[in-house]
Amino acid sequence: MQYSINIITRQTTKPIEIIDISAEVAEAVASSGLDTGQVTVISQHTTAFININEKEDRLLEDMETFIKRFAPKDGNYLHNLNPLDGRDNAHSHLIGLLMNTSETIPFSKGKLLLGKWQSLFFIELDGPRKERSILLQISGI
């Protein structure tokens, strides 16, 4: 068993942003030299998450609308009374209770084994941010 670690960095430009990272993860797996195994994709943040879902423009709009309705930014949150980094981002942390920090995806012959309609997303909930980090741990043979 061998493994490699890669880091994808991204700048985000919107308060809520759903970014397809499928191609970047697939490229990292393909260039790892490994034939079969799994890649674990991890957001290194508490207000940005990893998700597998369908990439369809109207659905992505629905997802953003759902997030905004579920935990509005202007809610009455105790965390926002004295935030650690000066950002009123309690809503981002609360939405994160229902999201994944990571996803693990198998691969074979150097290709991700995602379903026909599946894409891998990095979901920013507290943007814009100058730099966000996504760690990839690729392991296999």
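In the range 49-64, is there at least one residue being touching a His at 6+ places or on another chain (Cβ under 6 Å) and either modelled with pLDDT of 95 or more or over 17 Å from ILE7 (Cβ atoms) (or both)? Scanning the range 49-64 turns up no residue that is touching a His at 6+ places or on another chain (Cβ under 6 Å) and either modelled with pLDDT of 95 or more or over 17 Å from ILE7 (Cβ atoms) (or both).
For the range 106-129, the set of residues classified as in contact (Cβ under 8 Å) with a residue 12 or more places away in the chain, farther than 21 Å from ILE95 by Cα and surrounded by fewer than 22 Cβ atoms within 10 Å (Cβ to Cβ) consists of PRO106, SER108, LYS109, GLY110, LYS111, LEU112, LEU114, TRP117, GLN118, listed by residue number. A residue that is closer than 16 Å to SER119 by Cβ, surrounded by 12 or more Cβ atoms within 10 Å (Cβ to Cβ) and under 15 Å from the mean Cα position of the chain (by Cα) occurs nowhere in the range 67-80. Of everything listed in (1) touching a strand residue (DSSP E or B) at 6+ places or on another chain (Cβ under 9 Å); (2) farther than 18 Å from ASP126 by Cβ; (3) free of Cβ contacts under 8 Å to residues at least 60 places away in the same chain, the single unmet condition for SER92 is (2). Tallying residues that are within 16 Å of ALA23 (Cβ to Cβ) and of a type in the set (A, V, I, L, M, F, W, C) within the range 118-141 yields 6.
The values are calculated or read from the model by the stated rules, or taken from the named source; none is laboratory data. Owing to the predicted nature of the structure, the values given are computational and were not obtained by experimental measurement. Because the Cβ atoms are built from the backbone with ideal geometry, glycine has one as well, and the counts that use them run over all protein chains shown.
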